[in-house]
Amino acid sequence: QVKLVESGGRLVQAGGSLRLSCAASGRTVSPYTLGWFRQSPGKEREFVAAILWTGGTYYGDSVRGRFTISRDNAKNTVYLQMNNLEPGETAVYYCAANDGRGFTYWTPGEYPYWGQGTQVTVSS
């Protein structure tokens, strides 16, 4: 069993930056694909970014070029650096983990392990 705990969410002004962290425990997640998703009220959970066990990274279209996902396997942690935040990006941000291969990393239902989420609020 993998436990994920997100942190770093807070209120930030539009144009600002935040770095979210997601610490894993229970198992080493170095062989896992780790993803970040977000969800705002009344909307479906949206893919933000993923980093494969190989280190390969993928981003949602709306965040590419502004967000960076990274991992520190020694710390069993994945990060999401978010720059130039926009008010429409106010949401609860979740990290997720999957040790499978060849799955659709942008699909929330493919991830068996989830954190509790951290709130990011972007003010205009």
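Ordering ARG27, ARG19 by accessible area with a probe of 1.4 Å, largest first, what comes out? Mind dumping the intermediate values first?
Working: ARG27 105, ARG19 135 Å².
So, going from the largest accessible area down, we get ARG19, ARG27.
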Burial order of peptide ranges 82-89, 47-54 (average beta-carbon count within 10 Å, highest first): 47-54, 82-89
Total charge dipole magnitude, the range 1-108, about the Cα centre, Cβ charges on Lys, Arg, Asp, Glu only, Debye to nearest 20: 220 debye
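Accessible area of the chain with a 1.4 Å probe: how many percent of it is carbon plus sulfur?
Values: 2940 of 6100 Å².
Reported share for carbon and sulfur atoms: 48 percent.
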Distance from the Cα centre of the range 1-59 to that of the range 70-92, in angstrom? 6 Å
Cα-centred dipole magnitude for the range 57-124, charges only on beta-carbon of K, R (+1) and D, E (-1), debye, nearest 20: 160 debye
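Would you mind getting the accessible area per residue of the range 28-120, heavy atoms of the protein chains only, 1.4 Å probe, in Å²?
Details: 4350 Å² over 93 residues.
Per residue, the range 28-120 has an accessible area of 47 Å².
The values are calculated or read from the model by the stated rules, or taken from the named source; none is laboratory data. This is a predicted model, so every value here is computed, not measured. Using ideal geometry, Cβ is built from the backbone for each residue, glycine included, and neighbour counts are taken over all protein chains shown. For accessibility, only protein heavy atoms count, side chains too; no ligands or nucleic acids. Shrake-Rupley method; radii C 1.70, N 1.55, O 1.52, S 1.80 Å.
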